[in-house]
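Notes to accompany the following structure.
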Amino acid sequence: MFGGRSRGHDRLGTHHQRGGTVTVTVPKVDLIDGAAMPQLGFGVFQVGDDEAERAVATALENGYRSIDTASAYQNEEGVGRALRASGLPRDELFVTTKLWNSEQGHDNALRACEASLSRLGLDRLDLYLIHWPMPGRGLYLETWRALEKLKADGRVRSIGVSNFTVEALRRVIDEADVVPAVNQIELHPYFQQDGLRAFHRDHGIHTEAWAPLGQGHGLLDDPALARIAEAHGRTPAQIVLRWHLDIGNIVIPKSVTPSRIAENIDVFGFELTPDDLSAIGELDKGIRVGPDPATFESA
């Protein structure tokens, strides 16, 4: 269903237009297990199945090659249809999905991964994540061992977690065999998670930001971002995404609007100054827009 060979990517990151075709090279980060993951990808949270198919098709046309979905989003089939219809070689694509809370436990996780693969129409995943730690249920370590088996069996290239706290990460690192390659967490200029990011750095875990633009809670109207955006001739969203890239985050902005999908990947033609980065660093309010993973137990 997928064929051909990867043409490779320039690690520097570029975005330019030749004739009527947009050509984008997104930089990659080297995960702890040796896999290379695009630093900027496309998310489909809260996007219906058919709409996800259209949005992912548009994203792929604009140069995105990393797609992030989840079992809980109920759009894996639409994502898979878009991947197949793109005609892109499988090894040019990086596909992430996530194990939902009700699917935790060793055998449940093995079955859940096979179900996600079937819905996506793939024979392997590039990255599989435990969606939430659910500490009250106490199953995440058992679940992680199932992900280790999936990796060993070649069903998954890389394994990681989402919304894990330092406490949960430390337990996985201390008691399991494989260190998570990625922790996907809420992270944006109003909630910068410096302590958790430092823990990630110390253990070779890459930080991936969900809600990177603050999910519409006023971040993009912030006067400081407006000033920086005006100085660079860019939008506030582009400034925030460039900030994520500059501080080392993997980022997966979501949109279903074609113009914004194109705008969100057009972040490689400029650089933020040290003063810009300092000003954005001062915006941290320590306030979440999503659930607290230390207490979130929804099944």
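The values are calculated or read from the model by the stated rules, or taken from the named source; none is laboratory data. Predicted, not measured: the structure shown is a model, and the values here were computed from it. In this analysis, Cβ positions are derived from the backbone assuming ideal geometry, glycine residues included, and neighbour counts consider all displayed protein chains. Heads up: the accessible areas ignore ligands, DNA and RNA and are worked out on the full protein's heavy atoms, side chains in. Shrake-Rupley method; radii C 1.70, N 1.55, O 1.52, S 1.80 Å.
See the values below:
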| item | result |
| --- | --- |
| The range 272-294 residues that are part of a helix (DSSP H, G or I), paired with ones that are hydrophobic (A, V, I, L, M, F, W, C) (beta carbon under 6 Å, 6 or more apart) | 276/228; 279/224; 280/243 |
| Among the candidates 93, 125, residue that is at pLDDT 95 or above and touching a Cys at 6+ places or on another chain (Cβ under 8 Å) | 125 |
| Qualifying residue in the range 193-206 (condition: open to solvent by 30 Å² or more (accessible area, probe 1.4 Å), among the acidic types (Asp, Glu) and more than 23 Å from residue 268 (Cα to Cα)) | yes |
| Meets criteria (closer than 26 Å to residue 75 by Cα and either of a type in the set (A, V, I, L, M) or open to solvent by 50 Å² or more (accessible area, probe 1.4 Å) (or both)) for residue 239 | no |
| Close pairs from the range 122-135: first in contact (Cβ under 8 Å) with a residue 24 or more places away in the chain, partner aromatic (Phe, Trp, Tyr) and not in a loop (DSSP other than H, G, I, E, B), Cβ under 9 Å, at least 6 apart | 126/94; 127/94; 130/140; 130/144; 132/140; 133/140; 134/140 |
| Boolean, residue 163 is surrounded by 15 or more Cβ atoms within 10 Å (Cβ to Cβ) and touching a residue at least 60 places away in the same chain (Cβ under 8 Å) | yes |
| Residue satisfying all of: in the range 250-285; over 18 Å from residue 27 (Cα atoms) and open to solvent by less than 50 Å² (accessible area, probe 1.4 Å); modelled with the lowest pLDDT among these | 255 |
| Residue that is touching a helix residue (DSSP H, G or I) at 6+ places or on another chain (Cβ under 9 Å) and β-branched (Val, Ile, Thr), where the choices are 265, 252 | 265 |
